[in-house]
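The values are calculated or read from the model by the stated rules, or taken from the named source; none is laboratory data. Computed from a predicted structure; not experimentally measured. Reconstructed Cβ throughout: ideal geometry from the backbone, glycine too, with neighbour counts over all protein chains shown. Protein only, heavy atoms only, side chains kept; ligands, DNA and RNA dropped before computing areas. Shrake-Rupley method; radii C 1.70, N 1.55, O 1.52, S 1.80 Å.
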Amino acid sequence: MDTLDSQNPSLRNAPMLPDTGEPGFGVYVHWPFCAAKCPYCDFNSHVRHQPVDQARFTAAFLREMEAMRALSGPKTVTSIFLGGGTPSLMDPTTVGAILDGIGKNWYVPDGIEITMEANPSSVEAERFRGYRAAGVNRVSLGVQALNDRDLKFLGRLHNVEDALKAIRLARDIFPRMSFDLIYARPNQTVEEWERELKEAISYAVDHLSLYQLTIEEGTPFFGLHKAGKLIVPDGEQSAVLYEATQEITEREGMPAYEVSNHARPGAESRHNLTYWRYGDYAGIGPGAHGRLTQGRDKLATATERRPEGWLEMVERDGHGVLDQELLGYQEQSDELLLMGLRLKEGIDLVRWQQFSGREPDPKREEFLLEHGFIERLGNSRLRCTPSGMLILDSVVADLAC
């Protein structure tokens, strides 16, 4: 398939391709607009009180794709991800044009994973059917909580009724779906979280992203936390909540395949696996990041974050890239460790050694092995244990030295 033509039913109905275990090549497109800014969110999202000129932004996405294609060379796409912001604020025709543009710049086989993020407050059955007709075959819903009190605390525009409606629609229309929940919320007990998590699993989803609430600088929650008006669970309580999460999801057939992501076997996010396996990906849109192999090096790209500034840059220069850096083997080996050890499958040691030019430091590895923080899988792979996942940053720092 050379383009994602929404008039061709085979593109909509092709069975999803299985995971090959390879890093792959992904295309990420960032829609930066939201209906409201949540108080915990430090993502590149912006509220506009006038309608967004979707046609103008679409033309800019398509133009920047051409620039990224020139950097990447010919590639076979293994996944596409429409993130944000709130991509479900886009018209289905906008989504279709973006997907068609990707198909014109790279080879897109039938059945690859094409994910779109959506918020329950912006879900309509007709729009969902339009996204499906455009080629989207997986939706990721920003549910965040399953009680109205905490949804209000988190600044969400939807209530539980809206969330359940969105889950039902997504389950009926898309072959695959996921939704996000935030836990370790103020005053949340282990028992409350266990009930909420079991309820989430009961909705017949095949993937859940479960994130602990973090206080990010520059957000309203940061100011409240600094003033002592917002108290989140301490490290010990957070660890108890994390361990309860692992136990319940494992028992219910949705084990963690990454620190915060859980799936039934075969339903893991192909696109996110590309990040964690340190594959290449093109980042398109305001504030998007990319990694593109250039010979022995890897080109790291980052675009202008301000939507209107990015738009002007693309219209003037053909792209909105502000920063480009060639990463040598040492930087690549560090990034591979940082990303790969988040995965239950761990890292391919041969590949890491190709980047780093060495084996892990024997003394540091022995220390981590003896304390049960890492383990070897044969001679070719190394991964964190459940205990090691709790101190992942420290494990990565030790192995990178």
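Side notes on the structure shown:
- For region 269-335, the Kirkwood estimate of hydrodynamic radius, built from reciprocal distances between every pair of different alpha carbons, is 12.7 Å.
- Paramagnetic reach from A125 (point 7 Å along Cα→Cβ, amide N under 13 Å) across region 141-170: 165-166, 168-170
- Calculated log₁₀ intensity ratio I(q)/I(0) where the Debye formula runs over C-alpha points of region 345-400, q = 0.20, 0.30 Å⁻¹: -0.68, -1.44
- Max mean-square fluctuation residue, GNM over the chain, Cα-Cα springs under 10 Å, options A14, A256, A133: A14
- Convex hull of region 157-309 built on C-alpha atoms - directionally averaged projected area, nm²: 12.6 nm²
- Ordering of 63-70, 101-108 by packing is 101-108, 63-70, highest average first (other Cβ atoms within 10 Å, averaged per residue).
- Computed over the Cα atoms of region 176-230, pair by distinct pair, the Kirkwood hydrodynamic radius stands at 12.9 angstrom.
- Highest-fluctuation residue, Y329, Y203, Y242 considered, GNM on the chain with Cα pairs under 10 Å: Y203
- Here the ratio of the Cα radius of gyration of the chain to 2.2 N^0.38 Å is 0.98.
- Considering only V205, V47, V27, the Gaussian network model of the chain with Cα springs below 10 Å gives its largest mean-square fluctuation to V47.
- As a calculated quantity, the FRET efficiency between Q237 and D110 at R0 = 30 Å, using C-beta atoms, amounts to about 0.05.
- Extended-chain gain in nm, criterion 0.36 nm per residue less alpha-carbon gap, E194 and D19: 60.0 nm
- If the segment from K37 to L164 were pulled out straight at 0.36 nm per residue, it would be longer than the present Cα-Cα gap by 43.5 nm.
- By the Cβ rule of 4.7 Å, the chain holds the following cysteines without a possible disulfide partner: C34, C384, C401.
- Taking region 345-400 and dividing mean pair separation by its residue count, relative contact order in percent (alpha carbons under 8 Å, at least six apart): 39 percent
- Among beta bridges that DSSP assigns inside the chain, antiparallel share in %, nearest 5: 45 percent
- Note on N147/E331: beta-carbon distance plugged into 1/(1 + (r/R0)^6) with R0 of 45 Å gives a FRET efficiency of 0.55.
- D172 versus T214: modelled label distance in nm, points set 7 Å from Cα along the beta carbon direction: 3.7 nm
- Here region 78-136 is assigned +1 on the Cβ of each Lys and Arg and -1 on the Cβ of each Asp and Glu. Its dipole about the Cα centre then comes out at about 40 debye.
- Approximate spin-label separation L224-Q324, in nm, with each point projected 7 Å along Cα-to-Cβ: 4.3 nm
- Of all DSSP-defined beta bridges confined to region 169-308, some 65% are antiparallel rather than parallel.
- Taking every alpha-carbon pair under 8 Å whose residues sit at least 6 apart, the chain reaches a relative contact order of 16 percent.
- Net length gained if the chain between N187 and S394 were fully extended (0.36 nm per residue, minus Cα distance): 71.7 nm
- Placing E217, E375 in order of accessible area, with the largest value first and a 1.4 Å probe, yields E217, E375.
- Each stretch of four or more DSSP H residues adds -39500 (n - 2.57); spread over every residue of the chain, this sum gives -12000 deg cm²/dmol at 222 nm.
- For region 36-173, the Stokes-Einstein estimate of translational diffusion at 10 °C and a viscosity of 1.306 mPa s comes to 98 µm²/s, using the Kirkwood hydrodynamic radius over alpha-carbon pairs.
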